[in-house]
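Student: Below you will find the structure I want to go over with you.
The values are calculated or read from the model by the stated rules, or taken from the named source; none is laboratory data. Quick caveat, the model's predicted, so the values are computed rather than measured. Cβ atoms come from the backbone with ideal geometry, glycine included; neighbour counts cover every protein chain shown.
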Amino acid sequence: MRPIRVWAMLLGIAKAVVEAVEVDDQGAVVVSVRPRRSERNRCGRCRRRAPRYDAGEGRRRWRALDVGLSSAYIEAEAPRVTCPTHGVVVAAVPWARHDARFTRTFEDQVAWLAANASKSAVAQLMLVTWRTVGGIVRRVVAEARTRTDPFATLRRIGIDEVSWRKGKKYLTVVLDHDTGRLIWAAAGADEKTLEAFFDLLGEERCAQIALVSADGASWISNVVRRRCPQAHQCTDPFHVVQWATDALDEVRREVWNAARRNKQVALAKSLKGARWVLWRNPENLTERQTARLEEIAQTNQPLYLAYLLKEQLRLVFQLPTDEAIALLGNWVTWAQASGLKPFVKLAATIVTYQQRIEAGLLHGLSNARVESLNTKIRLIIRRGFGFHDAKAVTALAMLSLGGFCPPLPGRA
Ligand SMILES: [Zn+2]
């Protein structure tokens, strides 16, 4: 193999001719190339052939994966073409995505790392800022979306809203209950945002949706009723358990405030710290936390009762359907009799949504899967806090949970 071909191999350059290789004054390897004849004069956006417009801004560099200990760049002309659809636009190059300052393999590696490694690992290893990672992830996911249709076999979906930017802004997310994948996410949490999803889905595929689960928000159920009138609407088990956790927290705060008012300093202090013990699933408690819970059971009847009510409701979604529906009915009676205001109120809410909750149970919605996906979505979205726009945040979520993560370059 001629040395010049070795460079093409090392940098993963296909469909291009290597003209020269040099080391610049920063010690970086710069490989000058030109696209093969068949790859020249194509629109950067649609890759269709288009007549050349001008030379553009001359030669350009794209950062490539490092070669050994040196950083590396590909350098080439960047002429412009006139596309019948997209007008005057920089010509496509086979080694990079449109509008990117990095090669395709560099971007694929960054995307893979964004889904699999810590933020600081990505930034340090690849020498890019986290914001730049956001732009790369957007390009990678946008391209992957044109290749695969995540909506092809949708039957049972879940719709939810998730906050980002510390609760000030919301995203709407849609997941596929059958594959456990995130299939769509967008900024906003209102009817207009959700309509955009169903527009993408199209009438034919809307008609195939058998079940939609959500948290009971009216903006979701209104749109679903309009766009998928045949679908069974049900309430996500995840949210029902969340309601109970919120009610429990309300009881804890009431008890805590009462203790403070009565100057029971030690009690108030211990209740403030009890939050995590009460929130966690009992199977995840440490020995010390279990001891703490037992202490609450002995010293604080209302709070312990609230805890048991939360746990009992969580149990509903772990039982076989018949038992689950029976227990749900019993739970409502028990909560009504508890005398705890937040739980009496929750019992009323559950009666309102009882049909929808039972529909979820009858359709075998797995709470474990919904809960784990919801937890993952929230974690990923928190990772996206450093990105400056919602599109990058949703792209990161799709990359990690939508099956759009590219393989590491050269390992496919
Ligand atoms: Zn075009």
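Student: Go through the residues of the range 121-140 one by one and say whether even a single one is over 28 Å from R227 (Cβ atoms) and hydroxyl-bearing (S, T, Y).
Tutor: Yes, the range 121-140 contains a residue that is over 28 Å from R227 (Cβ atoms) and hydroxyl-bearing (S, T, Y).
Student: Looking only at the range 7-39, count every residue that is part of a helix (DSSP H, G or I) and either closer than 15 Å to R60 by Cα or at pLDDT 90 or above (or both) and tell me the total.
Tutor: Summing the residues that are part of a helix (DSSP H, G or I) and either closer than 15 Å to R60 by Cα or at pLDDT 90 or above (or both) in the range 7-39 gives 3.
Student: Moving to a separate point now. Looking at the range 277-293 only, could you name the residues that are in a helix (DSSP H, G or I) and within 14 Å of Q242 (Cα to Cα)?
Tutor: Of everything in the range 277-293, those that are in a helix (DSSP H, G or I) and within 14 Å of Q242 (Cα to Cα) turn out to be L278, W279.
Student: Follow-up. Inspect all residues belonging to the range 84-91 and state whether any of them is in a strand (DSSP E or B), away from the ligand (no atom under 15 Å from the Cβ) and either of a type in the set (A, V, I, L, M) or in contact with a helix residue (DSSP H, G or I) (Cβ under 6 Å, 6 or more places away or on another chain) (or both).
Tutor: Looking for residues that are in a strand (DSSP E or B), away from the ligand (no atom under 15 Å from the Cβ) and either of a type in the set (A, V, I, L, M) or in contact with a helix residue (DSSP H, G or I) (Cβ under 6 Å, 6 or more places away or on another chain) (or both), one finds none in the range 84-91, hence no.
Student: Moving on. Is it fair to say G134 is in contact with a Phe, Trp or Tyr (Cβ under 7 Å, 6 or more places away or on another chain), touching a residue at least 40 places away in the same chain (Cβ under 8 Å) and not assigned by TED's automatic domain parsing to the domain that holds R47?
Tutor: yes
Student: Identify all residues within the range 40-56 that are in contact with a strand residue (DSSP E or B) (Cβ under 9 Å, 6 or more places away or on another chain) and in a loop (DSSP other than H, G, I, E, B); write none if there are none.
Tutor: Scanning the range 40-56 gives R40, N41, G44, R45, C46, R48, A50, P51, A55, G56.
Student: Kindly list, by first and then second residue, each pair from a residue in the range 332-348 that is under 14 Å from E250 (Cα atoms) to a residue that is among the β-branched types (V, I, T), limited to pairs with Cβ atoms under 7 Å and residues at least 6 apart or on different chains.
Tutor: Final answer for the pair search is L340/V251; P342/V251.
Student: Another question, then. Quick one: is F102 touching a residue at least 24 places away in the same chain (Cβ under 8 Å) and in contact with a Leu (Cβ under 6 Å, 6 or more places away or on another chain)?
Tutor: So F102 does not fit the description; no.
Student: Pick out the one residue from E295, E311, E250 that is of a type in the set (D, E) and farther than 26 Å from T349 by Cβ.
Tutor: E295 is the lone residue from the list that is of a type in the set (D, E) and farther than 26 Å from T349 by Cβ.
Student: Of all residues in the range 217-275, count the ones that are charged (D, E, K, R) and buried (at least 20 other Cβ atoms within 10 Å of the Cβ).
Tutor: Within the range 217-275, residues that are charged (D, E, K, R) and buried (at least 20 other Cβ atoms within 10 Å of the Cβ) number 2.
Student: Regarding the range 155-169, can at least one residue be identified that is surrounded by fewer than 17 Cβ atoms within 10 Å (Cβ to Cβ), within 30 Å of E204 (Cα to Cα) and among the hydroxyl-bearing types (S, T, Y)?
Tutor: Checked against the condition, which is being surrounded by fewer than 17 Cβ atoms within 10 Å (Cβ to Cβ), within 30 Å of E204 (Cα to Cα) and among the hydroxyl-bearing types (S, T, Y), the range 155-169 yields no hits at all.
Student: So which helices (runs of 4 or more DSSP H) are wholly in the range 300-373 and hold at least 2 residues that are in contact with a strand residue (DSSP E or B) (Cβ under 9 Å, 6 or more places away or on another chain)?
Tutor: Because the criterion is at least 2 residues that are in contact with a strand residue (DSSP E or B) (Cβ under 9 Å, 6 or more places away or on another chain), the helices (runs of 4 or more DSSP H) in the range 300-373 that meet it are 341-362.
Student: Can you report the number of residues in the range 41-65 which are of a type outside the set (K, R), more than 8 Å from the ligand (Cβ to nearest atom) and surrounded by fewer than 16 Cβ atoms within 10 Å (Cβ to Cβ)?
Tutor: Here the count works out to 5.
Student: Of all the residues that make up the range 287-341, how many are within 34 Å of the chain's Cα centre (by Cα) and among the small types (G, A, S)?
Tutor: The qualifying residues number 2.
Student: Further, regarding this structure: I'm trying to understand the selection: among the residues of the range 20-37, which are over 41 Å from the mean Cα position of the chain (by Cα) and farther than 18 Å from I4 by Cβ?
Tutor: Within the range 20-37, just D25 meets the criteria.
Student: Looking at (1) in contact with a helix residue (DSSP H, G or I) (Cβ under 9 Å, 6 or more places away or on another chain); (2) away from the ligand (no atom under 16 Å from the Cβ), which is the one condition that is false for D99?
Tutor: (2)
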